[in-house]
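The values are calculated or read from the model by the stated rules, or taken from the named source; none is laboratory data. All values reported here derive from a predicted model rather than from experimental measurement. In this analysis, Cβ positions are derived from the backbone assuming ideal geometry, glycine residues included, and neighbour counts consider all displayed protein chains. These accessible areas exclude ligands, DNA and RNA; they are computed on the full protein's heavy atoms, side chains included. Shrake-Rupley method; radii C 1.70, N 1.55, O 1.52, S 1.80 Å.
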Amino acid sequence: MFFFYNLVVQVASFLVKIVALFSSKIKLFVEGRKIVFPTLANEIQPNDKTIWFHAASLGEFEQGLPLIEKIKEKYPNHKIVVTFFSPSGYEVRKNSKVADVIVYLPLDTKSNAQKFVKAVHPDLVFFIKYEYWPNYLSELKLQQIPTYLISGIFREKQVFFKWYGGFYRKALDTFEHFFVQNAKSKELLLKIGKTNVTVSGDTRFDRVASILEKDNSLDFISEFKNNTLTIVVGSSWPKDEALLVDFINSGNYNVKFIIAPHNIKEDQIKQLKNSISKKTVLFSEIGTGRDLSLQNFDVFIIDTIGILTKIYSYADIAYVGGGFGNPGVHNILEPATFGVPIVIGPNFSHFAEAIALVNMEGCVSVSNQKELNEAFENLIQNEDIRFEKGHICSTFVQMNKNATEIILKHL
C-alpha cells in the first residue's frame with residue numbers, strides 16, 4: 001500500500017508544479033517549499049534541541065497557539081519549529097515571533113520525511129487537529145520520537161474507520177497520545193483499539209479566551225463607530241455579501257457596518273464597494289492624504305488582514321461568513337468571546353461550536369434573505385435579546401477553556 005501511496009504523492013508533486021503556472025496560490029505552495037531545507041540548515045544546528053508543531057493552515061495554527069506558547073515557556077532552551085501545509089497559513093504567519101523557525105512542510109515522500117526529521121531532530125512533535133502524513137509518521141515512529149495529536153477530532157466517515165482503512169490506521173500507531181475535542185472522537189478511536197486517548201476539549205477556546213486579556217483597541221474603528229450600533233461582518237464570501245448588501249442598501253436603521261471579506265483581491269473589493277449605495281470607505285484609503293472623517297461613513301470595508309479579531313471587540317452584532325458555501329462557516333469563537341450575538345449561514349454541521357451555539361440560541365442560522373433580514377432586525381431593535389444571546393456566547397467560551405492545561409498536565 002505504501003508503494004501506491006508514494007506513487008500518488010509523486011504524481012501529485014509533478015501535477016502541482018504544472019498548476020502553479022496558472023495559480024498564484026499554488027505557486028506559493030511550490031516556491032515556498034524550495035527554501036525549506038536551506039532554511040532548516042541555517043536555523044537549526046546539530047546540537048540544538050527542538051520541538052515541532054505542524055498545522056495544516058491558519059486555523060489550526062491559531063488553535064494550537066495556546067499550547068505553543070506554554071510549551072515555549074516550559075522548554076525555554078528548545079527551538080520551536082512550526083510547519084504549515086497551506087499557503088493561507090504560512091504566508092500569514094511566516095513572521096510570527098512565537099516560533100524560532102516557520103516553514104512549509106515538504107510533500108509527504110519517504111525521502112522528504114527522512115531528510116526533514118533528520119534536519120529538525122525534534123524531542124517532541126505535535127500535530128494539530130488533523131493531517132496524518134504516513135511517511136512523516138512512519139519516520140517519527142522509526143526514530144522513536146514522542147508524537148502527540150492535539151485538539152483532534154474524528155468522524156465516522158473518515159478512512160480510519162472503514163474496512164479498507166488499515167493503511168491509515170497503522171499511521172495512527174505513531175501517536176503517543178491523542179488529545180481529542182469530544183467524547184465521540186474518543187469512542188471512535190476506542191473502536192479501533194486506540195486506548196491512549198484523553199478528551200481534553202478544543203484549545204481554540206483557550207486562545208479566544210486569552211484575547212480578552214490583550215489590548216484590542218483600534219482608534220480608527222472607534223472613530224468610525226462613533227458610539228453607533230455596529231454590525232461586524234467577518235470572513236464574508238460573495239454569497240454572504242449578496243444578502244448583506246441587500247440589507248445594507250434597503251435598511252433605514254441607524255446602524256453602521258464593518259465588512260472584513262475573506263478575499264481581499266482589489267477587483268473583488270472594488271466590486272463590493274460599488275454594490276453598496278451607502279457612504280463607504282476602505283481601510284486602504286486611510287493615510288492616503290485624503291481628508292477622511294471616518295465617523296461620517298456608514299460602511300467600512302477592511303481590505304487588509306490581521307485585525308479582524310480586534311474589530312470584533314467593537315461589534316454589537318456579528319455576522320460570520322462562509323455558511324453559504326462549503327465546507328461552511330468560519331470561526332465564530334472570536335466574536336463569541338467578546339459576548340457578541342452571532343448570525344451565520346446554513347452550512348455549519350461540521351463545526352461543533354457552531355452547532356452548540358445555535359442550539360443554545362446564542363447564534364442564529366439563516367438560509368435566505370428573508371431570514372437574514374428578520375434576524376438582523378430582531379437584534380437591532382431589541383437590546384435585551386442582543387445582551388442575552390451575547391451572554392450565552394461569552395459563557396460558552398469560558399466554560400469550555402482549559403484544554404491546554406489538561407494537555408500540559410499529561411505531558
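In table form, for the structure just shown:
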quantity: Neighbour-limited loop hits for trypsin sites (Lys or Arg not before Pro), the stretch 13-93 (at most 11 other Cβ within 10 Å; DSSP other than H, G, I, E, B); calculated: 34
quantity: Phi-based couplings in Hz for the stretch 323-337 (Karplus 6.51, -1.76, 1.60; Gly and Pro marked x); calculated: x, 9, x, 10, x, x, 4, 7, 5, 9, 6, 5, x, 4, 5
quantity: Mean projected area (nm²) of the alpha-carbon convex hull when the chain is viewed from all directions; calculated: 21.3 nm²
quantity: Part-to-part distance (alpha-carbon centres) for the stretch 123-154 and the stretch 40-118, which is given in Å; calculated: 13 Å
quantity: Violating pairs (Cα-Cα greater than 25 angstrom) within the set 115/170; 27/49; 214/273; calculated: 27/49; 214/273
quantity: Percent of Cα-Cα distances greater than 13 Å, calculated over the stretch 364-411; calculated: 68 percent
quantity: Amide H contacts under 5 Å for residue 105, placed H, 5+ residues apart; calculated: 84, 85
quantity: Set of aspartates and glutamates near residue 141 by C-alpha distance (under 17 Å), chain-local residues within fewer than 8 positions excluded; calculated: 108, 123, 131, 173, 176
quantity: Inter-probe distance in nm under a simple model that places probes 7 Å from Cα toward Cβ, at residue 20 and residue 143; calculated: 2.4 nm
quantity: The stretch 129-174, accessible surface, carbon-and-sulfur percent (1.4 angstrom probe); calculated: 52 percent
quantity: Spin-label zone in the stretch 1-26 - amide nitrogen under 16 Å from a point set 7 Å from the Cα of residue 265 along the C-beta vector; calculated: 20-26
quantity: Whole-percent carbon and sulfur share, accessible surface of the stretch 64-110, 1.4 Å; calculated: 46 percent
quantity: Within the stretch 44-96, GluC sites (Glu not before Pro) in DSSP loop having at most 16 other beta-carbon neighbours inside 10 Å; calculated: none
quantity: Convex hull per residue volume in Å³, alpha carbons only, for the stretch 46-144; calculated: 90 Å³
quantity: Loop chymotrypsin sites (Phe, Trp or Tyr not before Pro), the stretch 157-229 (other Cβ atoms within 10 Å of the site Cβ: 11 or fewer; DSSP); calculated: 163, 164
quantity: Debye log10 I(q)/I(0) for the stretch 231-332, one point scatterer per Cα, at q = 0.12, 0.17, 0.22 Å⁻¹; calculated: -0.36, -0.75, -1.31
quantity: Cα→Cβ-extended label distance, 7 Å offset, between residue 382 and residue 212, nm; calculated: 2.5 nm
quantity: Computed E for residue 242/residue 222 - FRET, C-beta separation, R0 41 angstrom, nearest 0.05; calculated: 0.90
quantity: Per-pair calculated FRET efficiency, R0 = 56 Å: residue 163 and residue 286 via Cβ, rounded to 0.05; calculated: 0.45
